[in-house]
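A short reminder: the numbers here are calculations on the coordinates, not readings from a lab. On a predicted model such as this, the values are computed, not experimentally measured, just so you know. Here the Cβ positions follow ideal geometry from the backbone for every residue, glycine too, while neighbour counts run over all protein chains shown.
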């Protein structure tokens, strides 16, 4: 069974909640999923992850949430080859801030710079994220299903 790694970074719990929903969806679609707080992850771990979803919030002035800060600092400073990683990013933010979804954007760009390949384009949600999440989920899971056949 293919494993889907689902990573989250959150301040208020919303990203964790949506990552949990994605994990539940993965299970219904026959994936083995592993849920990870970015506080417990090192960038080198991503090299062997294979397939990953990132659900992250942006905090303050475009910064990562506290639980993702150290991970992102290490990711920004590494040259780890992530060419074996396929991923998608969902960002949670607030349009009232100048750097709306900056962490999701920065994470997406850094993963790509290290060779990781997007399964789907990054999606950026505002405070009312339920509809955006549903659209993201209903786009990304069919794309993952297509990849699953190649991973088996």
Task: Residue among 55, 89 that alone is buried (at least 16 other Cβ atoms within 10 Å of the Cβ), touching a helix residue (DSSP H, G or I) at 6+ places or on another chain (Cβ under 8 Å), free of Cβ contacts under 8 Å to residues at least 40 places away in the same chain and outside any helix (DSSP H, G or I) - done: 89
Task: Of the criteria (1) at positive phi; (2) assigned to a helix (DSSP H, G or I), which one residue 110 fails - done: (1)
Task: Residue list for segment 24-43, restricted to those being over 12 Å from residue 141 (Cβ atoms) and either free of Cβ contacts under 8 Å to residues at least 24 places away in the same chain or not in a loop (DSSP other than H, G, I, E, B) (or both) - done: 32, 34, 35, 36, 37, 38, 39, 40, 43
Open item on the list: Need the failing condition index for residue 117 against (1) in contact with a strand residue (DSSP E or B) (Cβ under 6 Å, 6 or more places away or on another chain); (2) surrounded by 15 or more Cβ atoms within 10 Å (Cβ to Cβ); (3) over 21 Å from residue 14 (Cα atoms); (4) without any contact (Cβ under 8 Å) to a residue 60 or more places away in the chain, just the number.
Closed with: (2)
Open item on the list: For the list (1) under 22 Å from residue 128 (Cβ atoms); (2) surrounded by 14 or more Cβ atoms within 10 Å (Cβ to Cβ), I need the number of the one condition that residue 33 fails.
Closed with: (1)
